[in-house]
Each structure stands twice: as C-alpha cells, then as structure tokens.
Amino acid sequence: MATGIPGFDELVGGGFPKAFNILLTGSPGSGKTIFGQQFLYNGAVTGHPGVYISLDMSDEIFRQQGDQFGWDIEKLENEDKLAIVKVPLDRKSVRLFDKIREEVKRVKAERIVFDSLASFSINIDQFDVPLVYDEEITKVLNSSNMADKELFYSGGSEQRTTYLTINHLSKLGTTNVIITDRVEGENRLTVDGVSEFVCDGVIQFDIADLGGGASRMLKVLKIRGTHNSLDFHNFEITDRGIVVSPPEMK
Ligand SMILES: Nc1ncnc2c1ncn2[C@@H]1O[C@H](COP(=O)(O)OP(=O)(O)OP(=O)(O)O)[C@@H](O)[C@H]1O
Ligand SMILES: [Mg+2]
C-alpha cells in the first residue's frame, strides 16, 4: 500500500504491507496527522478508499487542513472514497467499533487512520470497548440474554484498552495507520508502552533543533518481515504536504 508521500515509500520497500498495523508515534506538531491524511488522500484518488477516525480534531478542521495542501476532502467524501468517523466525546457508551465497521463497509475501505490512540485512552469512559470483536460472535451475543456489561471491557487498564483497540482494527482487514503520542524526554516510545510491540510497524516522528532552525524528521523503527532503513530522514511540510528528503551521501 504505497503512501504516495514523496521520498517515503522507498524507505519501506515501496509501501506498507497490506493489512498491517503501522504505528506513528511522536511529539506534538511533528507531522503525524498530516502524514495520515496524505496516506488517505493519495489512496482515495488512486482507487483505495479510506476512513479517518478523529478524536483529536473536528471534521471541519480536517477538511480545512486538506484544503491547505490542495486535497479536496469533501469531494472524496461525496464520491464515497473517503469517510470521516466523527467521535462524540460528550456522550457515554459510544460504540466506536460498530461505527468504524459500518463506514469501512460503506466506502469499501482499504485504509484506516486512527487519530489517536492516546486520545482514545484518555476518553475511555465514553466508549464501550468490546472484549471480542468478530461480526458473527457479536451477533450471537447481541441476540442472547447475556448482560451487556459482560461483553465490554470495563477494567480501566490503558494497556489492555490499547491492545483491544489495535486488535479490533486489525480484524477489519484494512491497512491501518494508528497515531499515538510520545512524551518528549521520556525513554518510552509511546505513552501506553505496549502499542509499539503490538503493531507490525513503527514510525517515529521528531522535531529537532540542531542550530540553524528546527527541522522535522522521521525514522522507520520496524516493519515486520521487510528490510527498512534505520536512519532518521528529514522531511518538510510543503504546500503539497509532506516531502521526505533523499538520504545524504555518506
Ligand atoms: N500548510 C502548512 N505548511 C507548513 N507547515 C504546516 C502547514 N500546516 C501545518 N503545518 C505544520 O504542521 C504542524 C502540525 O502537523 P500535524 O498536525 O500533522 O502534527 P501532529 O504530529 O499530528 O501533532 P499533534 O500531536 O498535536 O496532533 C503544525 O504545527 C504546523 O507547524
Ligand atoms: Mg495530530
């Protein structure tokens, strides 16, 4: 699944392997959401529809951000090539995974961007996270007399929630870009400490000030089963989105 992001696909052997879960982790403002949006936009215009799940920004801001880069998000929505799952954070018992599955089916999505795991965990009280997420099993359980409570996780562990979320997303068969936060100055790659192990691929985003102005960079930490470059690569956010610089000659 080529991202179509100039300079990026060659770092990962041409694109993300189909049906993989790829985690983007990094500091605030490092470019994770724009990367995700570009992955969805490029997919949608080349016959690979996608779904954006936003807990961090409103759908209106998401569209406006796309406009800045010349990406007409609304047009793609109208053509059923891209869907935005709006997540109400002012309600309880939201069945987010049902909504995601519905939208994935409706637009025949091949790609998902989940933005972000960290926000999902912070707001976990609003959601019903099923313990099992398989369409058939869910149907059986829904028609049985089993109390609803027994079907959903209510233990409150961030690690378990994270694990279940990634697991549910991988059941959809889509190629998933899952965004989370990294706390600057901490050794850990993610705030939850488990998603980097559960996902098939991890890309770290960073902003560094090496004198002469800050620059953005990314590093592919792992993609299971493929050879990837382990260097940090500089990238810029241009008026056409992210452009990764070619490696410097050594
Ligand atoms: N048109 C643009 N041209 C250049 N830079 C831009 C443009 N639009 C946004 N940016 C930069 O991109 C940054 C935001 O990128 P993005 O939203 O992808 O970051 P993020 O890693 O998702 O951050 P957060 O963790 O806060 O969600 C902004 O802080 C801004 O500096
Ligand atoms: Mg973001």
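The values are calculated or read from the model by the stated rules, or taken from the named source; none is laboratory data. Here the structure is a predicted model, which means the values were calculated and not measured. Please note that ligands, DNA and RNA were not included when accessible areas were found on the heavy atoms of the full protein model with its side chains. Shrake-Rupley method; radii C 1.70, N 1.55, O 1.52, S 1.80 Å.
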Counting only heavy atoms of the protein chains, get the accessible area per residue of the chain (1.4 Å probe) and round it to a whole Å² value.
48
Mean-square fluctuation maximum in Gaussian network of the chain, Cα pairs under 10 Å, restricted to 170, 30, 157, hits 157
For the Cα atoms of the chain, what angle does the longest principal axis make with the long axis of helix 158-170, in degrees from 0 to 90, nearest 10?
90
In whole Hz, the Karplus estimates of ³J(HN,Hα) for the stretch 118-126 (6.51, -1.76, 1.60; θ = phi - 60°; x where Gly or Pro) are 4, 5, 4, 5, 4, 9, 4, 4, 7
Going by amide H atoms built from the backbone, whose H comes under 5 Å of the H on residue 177, apart from near neighbours?
22, 112, 113, 114
Percent antiparallel among DSSP beta bridges confined to the chain, nearest 5, equals 40
I'm checking a number: the convex hull volume of the Cα atoms of the stretch 9-243, normalised per residue, in Å³. What is it?
131
How large, in percent, is the carbon and sulfur part of the accessible surface of the stretch 9-243 at a probe radius of 1.4 Å?
49
Going by alpha carbons, how many degrees (0 to 90, nearest 10) lie between the helix axis of 32-44 and the longest principal axis of the chain?
80
Under a 5 Å amide H to amide H cut-off, with H placed in plane at 1.01 Å, what residues pair with residue 45 once short-range neighbours are removed?
none
Taking amide hydrogens as modeled 1.01 Å from N in the peptide plane, which residues meet the under 5 Å criterion relative to residue 153, leaving out close sequence neighbours?
129, 131
Under the Karplus relation with 6.51, -1.76 and 1.60 and θ = phi - 60°, whole-Hz ³J(HN,Hα) for the stretch 215-229, x at Gly and Pro, equal 9, 8, 8, 9, 9, 8, 7, 7, 9, 3, x, 10, 8, 9, 5
